[in-house]
Amino acid sequence: MKHPEQWDWDSLRKEIPFASWQGQFKWVEEPQVSPDGESVAAIVNTGEGEFNVCINGATWETPFEKIWHLRFAPDGRLTAIVSDSGEWTLAVDGRPWENRFGYVWEPRFSADGTSIAVKFQQDMRYGMAVNDAAWATTFANMTCATLSADGRRSAAAVQVADFGEADIFAFQQGTFSAALDGKPWERRFVNVWNLAISPDGRKLAAEVRLTLYDYTIAVNGEPWGQTFNCVWEPVFDPRDGSVLAPVRQAGQWTLARDGSPAWERRFIQLWHPVFSPDGANLAAVVALSFGNWTVAVNGTPWRSTFNELVSDAVFSPDGKRVAAIGKKNGFYHIIVDDSVWPQAFDMAWAPVFSPDGRLAAARVEKKGKYTFAIDGRLWNGQAEAAWDPVFSPDGRKILFRTIENGSYLRRVLPVSEIAG
Amino acid sequence: MTESASKDKSKQLDEGLERGMAALTEAKIEKAINRVLTGETGARLKAYVETCIHCGLCSEACHYFLSHDRDPRYSPVGKVKQTLWEMLKKRGRVSPEFIKQARLISSTQCNLCKRCAMYCPFGIDVAYLMLVVRRICHLLGVTPRYIQDTAHSHSVNMNQMWVKEDEWIDTLQWQEDEARGDLPNLRIPLEKEGAEIMYSVIGPEPKFQAQLIYQAAVIMNVAGLDWTMPATPGWDNSDMAMFTGDNELMGRLKRVHFETAMRLKVKKIVMGECGHAFRSVYDVGNRWLGWRMPPIPIVHAIDFYYDLLKTGRLKVAKKFEEPVTLHDPCNVVRGGGLADKARYVVNALCENFIEMHPNREHNICCCAGGGVINAGPPYKMVRIEGNRVKAEQLFAVKAKGATVLITPCHNCHSGLEDINHHYHIGFEIKFLGDILYEVIEKPAG
């Protein structure tokens with residue numbers, strides 16, 4: 001896969017027929033599109049009990065009895081979960097992994113796509129497999145799997161002790177732990193949820209429940225000294241490796257760092273903390289009061305509020321700007337730095353920033369038609385399907401990937417054509 | 001009213017209560033009660049406590065009271081008197097045995113059905129008061145074993161039946177294969193981002209009632225809908241934590257459910273025929289998290305079927321001929337206002353609909369809801385004997401000719417099966433979806 005610098009930013013329009021595939025196969029499933037926009041693919045049924053993947057009109061060499069969860073990795077490789085003779089594995093660009101399992105699901109990718117991990121079940125034991133290498137240790141149950149951004153470490157909440165059916169007392173003694181690369185912590189907890197791996201790969205943090213009532217964050221198996229009524233997902237500060245997490249006390253939420261309050265302000269809700277790439281800023285979705293949602297940056301909430309939801313807070317690459325989605329009275333809106341774009345949509349996807357952070361764009365949908373918005377201005381085209389826009393490395397062009405009139409279209413447009 | 005009615009009925013030991021009670025001290029009890037009364041309740045509790053004039057008009061609403069020959073210990077106000085009022089009066093200084101009795105009363109002798117709130121001249125919501133008692137008992141670790149186990153399942157797998165992640169997906173794919181016997185090109189689209197609908201169910205469907213998923217898939221495909229089901233936790237809309245008093249876990253479950261829908265970018269969540277789950281996603285769990293309403297609209301199956309039939313997306317090939325009656329589930333009719341739509345659906349599907357009385361929001365509860373059936377075998381007869389009046393109601397409508405009992409709720413279904421069997425009423429019990437699947441026009445396979 002080429003880096004975005006090497007993508008074709010000069011061809012204004014490329015077209016690949018898609019609807020015509022319907023005539024070639026019994027049925028064609030939802031299309032997927034490669035990050036660079038050069039490929040469109042779909043699972044196709046070629047007969048009873050026989051599936052294949054069609055990419056740009058050509059099928060993989062080998063069909064399978066079952067195929068599901070077709071996705072492009074960030075590096076452009078095309079992956080799918082496949083099955084033959086009752087065994088499951090991951091196929092990458094049509095080639096199945098050597099390892100076969102009782103079941104495989106939920107593939108996840110490193111940021112650059114070079115690592116691919118799946119959850120697997122074999123003989124009713126559970127583990128993760130990364131790049132076709134399975135964990136050496138498997139567990140009676142496994143949840144909340146994660147893969148580090150660089151793809152080198154994988155982790156999950158794992159059951160490390162057995163308990164009988166309806167044996168509530170054994171369960172409450174603690175039967176779960178967290179495992180990094182298949183190696184569990186020594187300490188057990190009642191529950192382990194939502195794990196985070198530090199950027200250097202040396203620490204693993206997780207939400208834990210010490211009893212049915214005492215929640216905290218554990219880092220490398222050691223719980224914080226403080227407990228809370230509830231906690232949400234931890235994040236690592238990329239600058240110093242400290243751990244931050246939303247915590248609830250006396251009915252209100254705030255952010256804690258290594259167990260101590262990090263934000264002064266309390267909220268009705270606080271979740272999805274996200275650091276800027278440089279670690280200098282932290283944003284989170286918060287509810288200021290009941291049904292009154294916004295984004296708080298470094299503890300200070302925006303003035304724009306939404307009565308239904310706020311989601312998908314994202315930082316610009318330089319860490320100076322934040323965009324999010326808000327929903328009010330049934331319609332979705334894009335907010336950038338507390339400024340709400342003028343349009344209301346039936347659906348909106350997470351905004352994306354240009355590399356220099358100057359512009360934001362988003363895929364949006366209204367009345368069943370998809371289009372794109374850049375800095376609050378709408379592209380005048382409409383599509384039957386669309387994927388997230390991608391800015392060129394210099395921020396002057398934008399890649400639109402759509403399906404229009406039954407054809408897949410790859411368009412490159414000057415940003416100025418839409419944003420002015 | 002010096003002795004709890006529960007002493008008469010609960011002969012079987014419940015380890016969850018006995019061991020929980022044994023670990024209590026009066027100091028621990030006082031602390032937990034005052035934590036809840038001062039820190040987790042507010043104007044609502046104060047208004048209810050100060051407004052109640054002890055008139056007892058709520059009694060006539062309660063199936064336990066009516067079924068126990070008007071024993072005042074089973075009246076809604078009697079249950080409050082035996083539990084919360086004592087805690088308030090004694091400022092939390094009550095015994096471990098009292099807490100055990102409070103748990104039995106609040107969790108096995110009240111279905112949180114809210115019928116009594118309609119009979120109260122002030123609209124006092126006794127179900128809320130019972131939930132406050134349950135919350136206290138949860139914090140004290142005194143919870144019936146089987147429903148606590150269900151809560152543990154929720155905590156690990158985010159579903160109530162210990163269904164592991166691969167088992168869920170495998171079940172969907174199995175049902176997809178099976179349903180291709182009906183419709184060769186049928187799909188259960190997994191993880192389809194941007195679909196119009198996310199269909200969510202409760203844990204027992206993949207565990208014991210996979211045919212309901214099959215039927216739903218056929219209905220979705222025949223109607224030509226743009227739908228998906230998640231291949232991750234978040235598919236289960238049910239919530240026993242809401243009924244044990246574990247509000248934090250309830251919030252976690254609802255967060256996963258709604259965030260799964262938000263991740264899939266669906267416009268709405270259509271849920272199967274479940275009552276308590278509707279209460280959890282539409283009223284209680286979402287609000288604990290700070291959402292005033294569901295952040296993604298929730299459509300109960302009754303409402304969904306109504307829309308499909310009203311708009312002609314589904315057509316009836318031949319109506320169901322056997323005479324049917326309808327049990328209105330508390331959470332979706334009294335709590336969700338779906339009485340008229342339920343009747344529209346029944347009349348659209350069935351030749352002969354015979355109303356039971358009382359009905360609509362006045363209907364008598366099934367006695368399984370509110371987590372009572374989930375408290376398990378020790379309380380089966382508490383439920384059945386505590387709902388003799390339901391059996392009488394069903395006998396009356398049977399005498400008018402009904403042979404099939406429709407109830408669009410899982411707990412109602414299970415609870416009414418027990419009553420039907422114990423009292424030898426002789427109904428065949430069906431979901432709306434069972435009949436819908438049977439009577440709609442389907443393309444030739």
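List of remarks:
Results for (1) among the acidic types (D, E); (2) touching a Gly at 6+ places or on another chain (Cβ under 6 Å); (3) free of Cβ contacts under 8 Å to residues at least 12 places away in the same chain; (4) over 20 Å from B:V256 (Cβ atoms), shown as yes or no for each residue.
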position: A:Q269; (1), (2), (3), (4): no, yes, no, no
position: A:V274; (1), (2), (3), (4): no, no, no, no
position: A:L282; (1), (2), (3), (4): no, no, no, yes
position: A:V285; (1), (2), (3), (4): no, no, no, no
position: A:N298; (1), (2), (3), (4): no, no, no, yes
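- A:F64 within 18 Å of B:E165 (Cα to Cα) and crowded, with 21+ Cβ neighbours inside 10 Å: no
- In the condition set (1) touching a residue at least 60 places away in the same chain (Cβ under 8 Å); (2) at positive phi; (3) not acidic (D, E), B:W162 is compliant with all but (1).
- Sole residue being assigned to a loop (DSSP other than H, G, I, E, B), away from chain A (no Cβ under 14 Å) and without any contact (Cβ under 8 Å) to a residue 60 or more places away in the chain, chosen from B:E322, B:E355: B:E355
- Screening A:F236 on (1) under 27 Å from the mean Cα position of the chain (by Cα); (2) under 29 Å from B:G141 (Cβ atoms); (3) more than 14 Å from chain B (Cβ to nearest Cβ) shows it passes everything except condition (2).
- In region B:236-246, the condition of being touching a residue at least 24 places away in the same chain (Cβ under 8 Å), surrounded by fewer than 24 Cβ atoms within 10 Å (Cβ to Cβ) and not in a loop (DSSP other than H, G, I, E, B) is met by no residue.
- Single match in B:G20, B:G42, B:G78 (criterion: at pLDDT below 95 and within 27 Å of the chain's Cα centre (by Cα)): B:G42
- Verdict on A:D388 being surrounded by fewer than 22 Cβ atoms within 10 Å (Cβ to Cβ) and either in a strand (DSSP E or B) or aliphatic (A, V, I, L, M) (or both): yes
- Screening the candidates B:L326, B:L308 for the property of being under 17 Å from B:G433 (Cβ atoms) and crowded, with 24+ Cβ neighbours inside 10 Å yields one hit, B:L326.
- Selection within region B:108-159 - polar (S, T, N, Q) and more than 10 Å from chain A (Cβ to nearest Cβ): B:T108, B:Q109, B:N111, B:N159
- Test: residue in region A:49-57 that is farther than 19 Å from B:E176 by Cα, free of Cβ contacts under 8 Å to residues at least 24 places away in the same chain and either more than 11 Å from chain B (Cβ to nearest Cβ) or touching a Pro at 6+ places or on another chain (Cβ under 7 Å) (or both): yes
- Any hit, region A:342-365, residues being farther than 29 Å from A:D278 by Cβ, in contact (Cβ under 8 Å) with a residue 60 or more places away in the chain and not polar (S, T, N, Q): no
- Scanning region B:269-319 for residues that are closer than 16 Å to B:L432 by Cβ, among the hydrophobic types (A, V, I, L, M, F, W, C) and not in a loop (DSSP other than H, G, I, E, B) yields B:V270, B:M271, B:A277, B:F278, B:V299, B:A301, B:I302, B:F304, B:L308, B:L309, B:V316.
- Residue in region B:130-144 that is within 22 Å of B:M271 (Cβ to Cβ), in the same structural domain as B:W227 (by TED's automatic domain parsing), touching a residue at least 24 places away in the same chain (Cβ under 8 Å) and part of a helix (DSSP H, G or I) present: no
- Close pairs (8 angstrom Cβ cut-off, 6 or more residues apart or separate chains): farther than 18 Å from A:D240 by Cα in region A:185-212, among the aromatic types (F, W, Y) and assigned to a loop (DSSP other than H, G, I, E, B) anywhere: A:N194/A:W232; A:E207/A:W232
- Test: residue in region B:65-73 that is touching a residue at least 24 places away in the same chain (Cβ under 8 Å), assigned to a helix (DSSP H, G or I) and surrounded by 24 or more Cβ atoms within 10 Å (Cβ to Cβ): no
- Filtered residues of region A:397-420 (kept if in a loop (DSSP other than H, G, I, E, B) and surrounded by 15 or more Cβ atoms within 10 Å (Cβ to Cβ)): A:V415
- Extreme residue, surrounded by the most Cβ atoms within 10 Å (Cβ to Cβ), among residues of region A:287-311 that are in contact with a Phe, Trp or Tyr (Cβ under 7 Å, 6 or more places away or on another chain) and at the interface with chain B (Cβ under 9 Å from one of its Cβ atoms): A:W293
- Condition broken by A:L378, with the remaining ones in (1) more than 15 Å from A:I334 (Cα to Cα); (2) more than 14 Å from every other protein chain (Cβ to nearest Cβ); (3) not charged (D, E, K, R) satisfied: (1)
- Residue, nearest to A:N329 (Cα to Cα), within region B:278-295, restricted to residues that are in contact (Cβ under 8 Å) with a residue 40 or more places away in the chain and in contact with a helix residue (DSSP H, G or I) (Cβ under 8 Å, 6 or more places away or on another chain): B:V281
- Any hit, region B:208-228, residues being more than 13 Å from chain A (Cβ to nearest Cβ), crowded, with 21+ Cβ neighbours inside 10 Å, assigned to a loop (DSSP other than H, G, I, E, B) and not small (G, A, S): no
- Condition met for B:T38 (farther than 22 Å from B:D246 by Cα, surrounded by fewer than 15 Cβ atoms within 10 Å (Cβ to Cβ) and either among the polar types (S, T, N, Q) or touching a helix residue (DSSP H, G or I) at 6+ places or on another chain (Cβ under 9 Å) (or both)): no
- Verdict on B:V266 being touching a Lys or Arg at 6+ places or on another chain (Cβ under 8 Å) and either outside any helix (DSSP H, G or I) or within 12 Å of chain A (Cβ to nearest Cβ) (or both): no
- Residue, surrounded by the fewest Cβ atoms within 10 Å (Cβ to Cβ), within region A:68-118, restricted to residues that are hydroxyl-bearing (S, T, Y) and not in a strand (DSSP E or B): A:S85
- Members of region A:212-233 found to be within 14 Å of chain B (Cβ to nearest Cβ) and among the acidic types (D, E), listed by number: A:D214, A:E233
Residue by residue, here is whether (1) buried (at least 24 other Cβ atoms within 10 Å of the Cβ); (2) over 27 Å from B:I364 (Cβ atoms) holds:
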| site | (1), (2) |
| --- | --- |
| B:G92 | no, yes |
| B:S106 | yes, no |
| B:M130 | yes, no |
| B:L140 | yes, yes |
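- Within region B:387-445, tally of residues that are more than 12 Å from B:C367 (Cα to Cα), part of a loop (DSSP other than H, G, I, E, B) and under 17 Å from the mean Cα position of the chain (by Cα): 4
- Residue identified as closer than 26 Å to B:A22 by Cα and touching a residue at least 40 places away in the same chain (Cβ under 8 Å) among B:A195, B:A151: B:A151
The values are calculated or read from the model by the stated rules, or taken from the named source; none is laboratory data. In this text, all values refer to a predicted model and were calculated from it rather than measured experimentally. Backbone-built Cβ (ideal geometry, glycine too); neighbour counts: all protein chains shown.
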